[in-house]
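Notes follow the structure.
Since every read-out is calculated from the coordinates, none of them should be taken as a lab result. Predicted, not measured: the structure shown is a model, and the values here were computed from it. When we count neighbours, we look across all protein chains shown, and the Cβ atoms used for this are built from the backbone with ideal geometry, even at glycine.
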Amino acid sequence: MGRPLRRSTAVAAADKNASKSKSDKAEKPKGGKSLLTIGLVAVIAAAAAGGGAWYFTSHGAKEEKPEGPKAASPGTVPAPAQYFALEPPFVVNLVGETGGARYLQVEVQLMTRDPESLKAIELHAPAIRARLLMLFAQQDAAGLMSREGKERLQNAALGEVKALLVAETGKPSAESLLFTSFVMQ
């Protein structure tokens, strides 16, 4: 019977040590430092989020001011192009050889990026057509055979359109002039 008593004493001693370590752990506030750390991290994260929100809203508002189509920085995407077709196609007699009549049929579209300019182009379309008709009728057939000749005519036509629109509205309005069909016969 001595031995079982010793075993129970040893077990009791182990239980006593285990209960001591449990009570020691209970006396020390477990997680006190970790709770403080979590609180500090949460406060810092909230401050960073608030600061970031303030920064982006205050600086974003400055950058969103409308400055016009020409004031855009090189990295920004331009406004979408808007086209206006001058209908019906232009058909004119060309100056040239005496071997027979030569004709030019050309379809023209004007491009702008400003909705107000598009309205001005629509409003003055009859005057634009009249100027372009006179310009096209003065062309020599031989001069329009090469690409350079067609490009010269295109640049001259754009100049006529811009000059008319500046006279009527105070700004050139049309950004480019496109030949969408070009037939000589």
*So if we plug the beta-carbon distance of Ala127 and Ala48 into 1/(1 + (r/R0)^6) with R0 = 41 Å, what FRET efficiency do we get, rounded to 0.05?*
0.10
*Along Cα→Cβ, 7 Å out, is where each label goes; now give me the distance between the ones at Ala101 and Thr37 in nm to one decimal.*
9.5 nm
*Which whole-Hz ³J(HN,Hα) couplings does the stretch 75-86 yield from phi under the Karplus relation 6.51 cos²θ - 1.76 cosθ + 1.60, θ = phi - 60°, glycine and proline marked x?*
x, 8, 7, x, 4, x, 6, 10, 10, 10, 8, 8
*Which FRET efficiency value, to the nearest 0.05, do you get for Ser58 and Glu116 by plugging their Cβ-Cβ distance into 1/(1 + (r/R0)^6) with R0 = 25 Å?*
0.25
